Amino acid sequence: MTRHIPIGIKTSPQAVDWATLDAMWARIGTHDVFESVWMNDHLTDISFDRHGPSLEALTAAAALIHHVPRLWIGHAVLSATFRHPAVLAKTATLLDHATGGRFILGLGAGWHEGEHVSLGIPLPPMRERFDRFEAAVHVLRALWSPEAAAPPGVTRPDPFYPLVEATNEPPPTPGGGPRLWLGAGKRRGIALTAALADGWVMPAVDVLSGRVTDLDDFRRGRDAILERLEAIGRDPAAFDFGAQVPTGDTAEDRAKALDAAHDALRRGATHLILNVRPRLGPDGVDAVAEEVAVPLRRAIG
């Protein structure tokens, strides 16, 4: 049986005003070709070392989902450094209900130093940062578990985020709560992803500048996760591999993006995310739909 490949679209909440972002999501909702819509998670514009406009991603998603009632909503990816995981578990549970069980929580360890320093958010050294990231993933899973749906709840000793008879009431929608995708590619990240995640999402593929090594990295990461899934007895058919493809500014860029999407599929992607630049507004959404997503859907069925 051939696996269905969803096609999604992602618009950054950086360098965009609210009216434009709202109009873009409204336009996304008119295109049947899209099955998911995504945002990243930054508190400043990551085009700069410091500062720059950025709308907070979780609040933005909650305010925009009414435009896309049939679509999956995802973040690729949220920064684990920005929010206590227990609060994030509650927020994700609400979005799980608001979307009718179609929320994907993508999570990464955090990386952009400037936004952390300027806003007083700790960015520990990488070893501790991953320790905290790993603990956060365990907290999410614990608070989405059936045991957390009612007292006495769950207790989990931890040096960073201990839980003591913690409950998450009301619980997530039936089926185990939000889908959890991780954005971690090193050895420990691969092991954590295979053990506790529902999917893995790679960074954006910068083929438009001529760098195609990201797709090589995607294939290596995918193969490592598949090997680990097999080793621990998890079904790879139930696991998602998301590839992000930037679509640029021009028709020529979008033609390259279409080729890149096909390449990502050949390398094992099971979910494609087409990144549209927010400065292009609703017209950019239309262009990506018509020049990339529609021909892609025709080709892959």
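Going through Asp45, Asp22 one at a time, which residue ends up being over 21 Å from Met202 (Cβ atoms), among the acidic types (Asp, Glu) and surrounded by 18 or more Cβ atoms within 10 Å (Cβ to Cβ)? Spell out the reasoning first.
Values: Asp22 fails: surrounded by 18 or more Cβ atoms within 10 Å (Cβ to Cβ).
When all the criteria are applied, what remains is Asp45.
So which strands (runs of 3 or more DSSP E) stay within the range 70-184 end to end and still have 2 or more residues that are within 25 Å of Ala243 (Cα to Cα)?
Once the strands (runs of 3 or more DSSP E) in the range 70-184 are filtered for at least 2 residues that are within 25 Å of Ala243 (Cα to Cα), what remains is 72-75, 103-108, 179-182.
Restricting the range 154-184 to residues that are of a type in the set (A, V, I, L, M, F, W, C) and more than 25 Å from the chain's Cα centre (by Cα), which is most open to solvent (accessible area, probe 1.4 Å)?
So, considering only residues that are of a type in the set (A, V, I, L, M, F, W, C) and more than 25 Å from the chain's Cα centre (by Cα), the one most open to solvent (accessible area, probe 1.4 Å) is Val164.
Can you confirm whether Ser54 is more than 18 Å from Leu274 (Cβ to Cβ) and buried (at least 20 other Cβ atoms within 10 Å of the Cβ)?
On the way: more than 18 Å from Leu274 (Cβ to Cβ): yes; buried (at least 20 other Cβ atoms within 10 Å of the Cβ): yes.
Against the criterion (more than 18 Å from Leu274 (Cβ to Cβ) and buried (at least 20 other Cβ atoms within 10 Å of the Cβ)), Ser54 qualifies.
Report yes if some residue within the range 128-141 is touching a His at 6+ places or on another chain (Cβ under 7 Å) and either open to solvent by 30 Å² or more (accessible area, probe 1.4 Å) or at negative phi (or both); otherwise report no.
Filtering the range 128-141 for residues touching a His at 6+ places or on another chain (Cβ under 7 Å) gives none.
No - not one qualifying residue is present in the range 128-141.
Does the range 80-92 hold any residues that are of a type outside the set (Phe, Trp, Tyr) and either at pLDDT below 95 or surrounded by fewer than 22 Cβ atoms within 10 Å (Cβ to Cβ) (or both), and which are they?
Thr81, Arg83, His84, Ala86, Val87, Leu88, Lys90, Thr91
Can you name the residue in the range 34-54 that is among the aliphatic types (A, V, I, L, M) and outside any loop (DSSP other than H, G, I, E, B) and, of all such residues, is modelled with the lowest pLDDT?
So, considering only residues that are among the aliphatic types (A, V, I, L, M) and outside any loop (DSSP other than H, G, I, E, B), the one modelled with the lowest pLDDT is Met39.
Which of the residues that make up the range 1-45 are more than 19 Å from the chain's Cα centre (by Cα) and among the charged types (D, E, K, R)?
Arg3, Asp17, Asp22, Arg27, Asp32
Residue by residue through the range 57-69, note down the ones that are buried (at least 21 other Cβ atoms within 10 Å of the Cβ) and part of a loop (DSSP other than H, G, I, E, B).
Val68
Could you count how many residues in the range 107-127 are at positive phi and within 22 Å of the chain's Cα centre (by Cα)?
1
Which members of the range 101-113 meet the condition of being surrounded by fewer than 20 Cβ atoms within 10 Å (Cβ to Cβ) and at pLDDT 95 or above?
Scanning the range 101-113 gives a single hit, Gly101.
The values are calculated or read from the model by the stated rules, or taken from the named source; none is laboratory data. The model shown is predicted, which means the values in this text are computed figures rather than measured ones. Glycine gets a Cβ as well: all are built from the backbone with ideal geometry, and neighbour counts include every protein chain shown. Side chains included, ligands, DNA and RNA excluded: accessible areas come from the protein's heavy atoms. Shrake-Rupley method; radii C 1.70, N 1.55, O 1.52, S 1.80 Å.
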